[in-house]
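Comments concern the structure below.
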Amino acid sequence: MSFLQDPSFFTVGMWSIGAGALGAAALALLLANTDIFLSKPQRASLEYLEEIDLKTLEKEPRTFKAKELWEKRGAVIMAVRRPGCFLCREEAADLSSLKPKLDELGVPLYAVVKEQVRTEVKDFQPYFKGEIFLDEKKKFYGPQRRKMMFMGFVRLGVWSNFFRARSGGFSGNLEGEGFILGGVFVVGSGKQGILLEHREKEFGDKVNLASVLEAAQKIKPQAASLASEKK
């Protein structure tokens, strides 16, 4: 056991442990930046979305089924992860940039939030040019809710999104629940179905605006809606 008395033995041992720890950390960082550990989204059906209960944000809120949003003319709907998040505000502003073209198509733009925390929704409205509704049961974030916890802060894509939004002049706060991931839907009128379903895979994973517009152009308004407009 004389080798235990050799100082170089302990030096080599400590270097080995340190190298092993660094290797494990590097591997963990590498895996965190792949999609291996990301929960896979479960696609929503039209029937699922139709039966979601939403509330207006008035003093005397009205509860209604979500299908009212797209029944006549279809709709573009943003499921907001957190109104105070500067990444969500950036995406809201991006979607709002499509509003003139959506108006030409006669397609409304909406957003749903999962909670009302103080003035968060009010403070979000300058970034979003559409009506906002409350989804208390968080159904638009399902059918299987997905969360990104602290792993999000070691993903290079998330940091890239942070810098992109900051450089764009967006700011926010830490109010409210922000781990349940959001998304964007383009839903056709009547029973036309879901034309686009974007599920946020990480913080700041924005929908492709060209894809939103392309899907909106496929919406076929209900004949009854067109007839009422001509009167």
Report summary line: Amide H neighbours of Leu195 at under 5 Å, excluding residues fewer than 5 places away on the same chain, with H built from the backbone geometry, are Val186, Val187, Gly188
Query - Flagged links, alpha-carbon separation over 20 Å, of Lys40/Lys138; Lys129/Lys218; Lys40/Lys129 - result: Lys129/Lys218; Lys40/Lys129
Report task. Give the total of Lys-Lys pairs in the stretch 56-114 with Cα-Cα distances below 24 Å; include a pair only if its members are 8 or more places apart or on different chains. Result -> 10
Report summary line: Residue separation between Asn208 and Ser171 times 0.36 nm, minus their alpha-carbon distance, gives in nm 11.2 nm
Report task. Could you go through the stretch 182-199 in sequence order and give the Karplus-derived ³J(HN,Hα) for each residue, using 6.51 cos²θ - 1.76 cosθ + 1.60 with θ = phi - 60°, rounded to whole Hz, and x for Gly and Pro? Result -> x, x, 9, 10, 10, 10, x, 6, x, 9, 4, x, 8, 8, 8, 9, 9, 10
Requested in this report: Compute the separation of the alpha-carbon centres of the stretch 45-66 and the stretch 104-152 and state it in Å as a whole number.
Outcome: 13
Report task. Against the globular-protein guess of 2.2 N^0.38 Å, express the Cα radius of gyration of the stretch 63-139 as a ratio, rounded to two decimals. Result -> 1.07
Query raised in the report: Could the peptides 78-87, 95-104 be put in order, highest first, of the mean number of other beta-carbon atoms found within 10 Å of their residues?
Result: 78-87, 95-104
Query raised in the report: What is the local net charge at Lys191, summed over the other residues whose Cβ is closer than 12 Å to its Cβ (Lys, Arg +1; Asp, Glu -1)?
Result: -1
Query raised in the report: Across the stretch 208-221, in residue order, what do the Karplus-derived ³J(HN,Hα) couplings come to in whole Hz, using 6.51 cos²θ - 1.76 cosθ + 1.60 with θ = phi - 60° and x for Gly and Pro?
Result: 7, 5, 5, 5, 4, 5, 4, 5, 5, 5, 8, 5, 10, x
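Cβ under 14 Å from Val207's Cβ, Val207 left aside: what net charge do those residues give with Lys, Arg +1 and Asp, Glu -1? List each step's numbers first, then the result.
Details: positive: Arg81, Arg199, Lys201, Lys206; negative: Glu90, Glu91, Asp94, Glu197, Glu200, Glu202, Asp205, Glu214.
In short, -4.
Bear in mind these aren't lab numbers, they're just calculated from the coordinates by the rules spelled out. This one's a predicted model, so the numbers in the text were calculated from it and none came from an experiment. Because the Cβ atoms are built from the backbone with ideal geometry, glycine has one as well, and the counts that use them run over all protein chains shown.
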